[in-house]
Each structure stands twice: as structure tokens, then as C-alpha cells.
Amino acid sequence: MQNLTQSQWRAQLQQDDNAVILDVRTDMEVAEGMIPNALQINIQDTVGFMEKIKQLDTSKNYYVYCRSGGRSGQACMIMNSLGFQNTYNLMGGMMEWDGETV
């Protein structure tokens, strides 16, 4: 897992052809807006989260975010323990995001 600042995360993501954006927030949080093309898997739904994470391609690069950076850091650690090599945590999460949202 690598913690990236908002600018590092955005710059690295733009250069990455193997990237998957992962939103680990709740449905209610996502309803307020999310980063375009993000896949939502709610980390607070523990069983569902684990089932869905295990179905993902471990060879992809995962750019993970939540509301403030805490849950996404936790998600990255879980993913790393399951064999994911490249996980990137967005420090500050959506609270500090000034990019595009949908």
C-alpha cells in the first residue's frame, strides 16, 4: 500500500493504463457524489466487501478512496493481505477532493 496525496494520486492515475478506482464508502456517502468510473464496494459491509474484493483481478492497480482516507487505508491493507500488489490510498479522501465528481 502506498499513501498518496491528492495531486500524486491524480497524476499517477492519469498515467496508469492498468488502473481501477475503488470507492469503499457507504451508499449514502456515494449518493453525495463519487469520482467518475469508480467501482463502489462498501467496506462497512464486511462479508459483502470480502466476497467482492476476492473477485477482483489482483494484477490491476487499485486507487482506493473513502470519505477521509481511513477506511480506504484499511481496505488497501486487506487487499494487500489477499495478494493485491498495487494499492494506492487517497489521503484526505473525498473531504479534500477537488476533482470531478458524478
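We did not get these values from a lab; they are worked out from the coordinates using the rules stated. The structure presented is a predicted model; accordingly, all values stated were derived computationally and were not measured. Positions of Cβ are generated from backbone atoms using ideal geometry, with glycine treated the same way; all protein chains shown enter the neighbour counts.
From ASP57, ASP98, grab the single residue that is loosely packed, with under 13 Cβ neighbours inside 10 Å and either touching a strand residue (DSSP E or B) at 6+ places or on another chain (Cβ under 9 Å) or not in a loop (DSSP other than H, G, I, E, B) (or both). Don't jump to the end; show me each part of the working.
On the way: ASP98 fails: either touching a strand residue (DSSP E or B) at 6+ places or on another chain (Cβ under 9 Å) or not in a loop (DSSP other than H, G, I, E, B) (or both).
Going through ASP57, ASP98 in turn, just one is loosely packed, with under 13 Cβ neighbours inside 10 Å and either touching a strand residue (DSSP E or B) at 6+ places or on another chain (Cβ under 9 Å) or not in a loop (DSSP other than H, G, I, E, B) (or both): ASP57.
Give the stretch 60-95 a look and list any residue that's among the small types (Gly, Ala, Ser) and either surrounded by 14 or more Cβ atoms within 10 Å (Cβ to Cβ) or closer than 19 Å to GLY33 by Cα (or both), or say none.
Taking the stretch 60-95 as the starting set, the residues that turn out to be among the small types (Gly, Ala, Ser) are 68-70, 72-73, 75, 81, 83, 92-93.
Listed by number, the residues that qualify are SER68, GLY69, GLY70, SER72, GLY73, ALA75, GLY92, GLY93.
Any residue that is in contact with a Cys (Cβ under 7 Å, 6 or more places away or on another chain), under 18 Å from VAL102 (Cβ atoms) and β-branched (Val, Ile, Thr) - is there at least one of those in the stretch 58-69? Steps first, answer last, please.
Pass one, the stretch 58-69, residues in contact with a Cys (Cβ under 7 Å, 6 or more places away or on another chain): 64.
Next cut, under 18 Å from VAL102 (Cβ atoms) only: 64.
So of that shortlist, the ones also β-branched (Val, Ile, Thr) come out as 64.
Checking the stretch 58-69: at least one residue is in contact with a Cys (Cβ under 7 Å, 6 or more places away or on another chain), under 18 Å from VAL102 (Cβ atoms) and β-branched (Val, Ile, Thr).
Condition first: surrounded by 14 or more Cβ atoms within 10 Å (Cβ to Cβ), closer than 16 Å to THR101 by Cβ and under 11 Å from the mean Cα position of the chain (by Cα). Can you find one or more residues in the stretch 12-22 that meet it? Write out each step before concluding.
Step one: filter the stretch 12-22 for residues surrounded by 14 or more Cβ atoms within 10 Å (Cβ to Cβ), giving 12-13, 16, 19-22.
Narrowing further to those that are closer than 16 Å to THR101 by Cβ: 13, 21-22.
Next, from what is left, pick out any that are under 11 Å from the mean Cα position of the chain (by Cα): 21-22.
So far as the stretch 12-22 goes, yes, one or more of its residues are surrounded by 14 or more Cβ atoms within 10 Å (Cβ to Cβ), closer than 16 Å to THR101 by Cβ and under 11 Å from the mean Cα position of the chain (by Cα).
Can you find a residue in the stretch 64-72 that is basic (Lys, Arg) and under 11 Å from the mean Cα position of the chain (by Cα)?
Yes, the stretch 64-72 contains at least one residue that is basic (Lys, Arg) and under 11 Å from the mean Cα position of the chain (by Cα).
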